[in-house]
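*Asks:* Sharing a structure with you now.
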Amino acid sequence: MSRDVRREAKTLLAHPWGWIACGLGSGLSPFASGTTGSAAAVAIYWAAGGRAWPLWLHALVLLAGFGIGVAAASWACDSLATDDAAPIVIDEWVGQWLTLCAGALLWPPQLHEGWMLLAGFLLFRLSDIVKPWPASTLDRDLGGGLGAMADDAVAGVYSALALAALGWMLGWAGI
């Protein structure tokens, strides 16, 4: 089944919830919209100086992002008559931010931030694509905006743990 990107764009860009759901347009890429959305999330995190945020700000951004994401993704799922359309990438944004927030808090400070961002991006994309349990069942079982957000949050937790482990292994190795 092919995507009607123009119809999706017209629907999503006509409403503020749609703008949020499609990651300010990053999810409207006709190819690899999840990867494009994740890349946009990394860019925003970096531009906002996320590595320097205190723990409370990381928690606030993640909780607010998840709650707003559920509402926006639910609206978009209803408007596009689907459970999780490709242009809905607010879930990638929150999952990617979860990965990077944990990386910022746990990645050894002597290791370059650029490597943390790249590793976090790649680990999240891998986890989001593979969808290890329970992420694999959450999207299907919950459905709609909550399902879309929950599976990527779980993928974000897995990739955050992997990113922290990788950072500490590299730090111990003196790299």
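Only the coordinates and a few stated rules stand behind these numbers; no lab work does. Fair warning: this is a prediction, and the values are worked out from it, not measured in the lab. Quick reminder, even Gly has a Cβ in these numbers, built from the backbone with ideal geometry, and neighbours come from all protein chains shown.
*Asks:* Quick check on my filter: what residues within the stretch 33-48 are surrounded by 23 or more Cβ atoms within 10 Å (Cβ to Cβ) and farther than 15 Å from L123 by Cα?
*Replies:* S33, Y45
*Asks:* Could I ask something else about it? So, in the stretch 16-62, exactly how many residues are more than 13 Å from the chain's Cα centre (by Cα), assigned to a helix (DSSP H, G or I) and not small (G, A, S)?
*Replies:* Of the residues in that region, 11 qualify.
One line per residue, one yes/no per condition, for (1) under 24 Å from I20 (Cα atoms); (2) out of contact with any Phe, Trp or Tyr (no Cβ under 7 Å at 6 or more places or on another chain):
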{"site": "W97", "(1), (2)": "yes, no"}
{"site": "L100", "(1), (2)": "yes, no"}
{"site": "G103", "(1), (2)": "no, yes"}
{"site": "P134", "(1), (2)": "no, yes"}
{"site": "G145", "(1), (2)": "yes, yes"}
{"site": "L161", "(1), (2)": "no, yes"}
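*Asks:* Also, quick follow-up: Is at least one residue of the stretch 64-87 among the charged types (D, E, K, R), under 27 Å from F31 (Cα atoms) and either surrounded by 16 or more Cβ atoms within 10 Å (Cβ to Cβ) or touching a Gly at 6+ places or on another chain (Cβ under 7 Å) (or both)?
*Replies:* Within the stretch 64-87, one or more residues are among the charged types (D, E, K, R), under 27 Å from F31 (Cα atoms) and either surrounded by 16 or more Cβ atoms within 10 Å (Cβ to Cβ) or touching a Gly at 6+ places or on another chain (Cβ under 7 Å) (or both).
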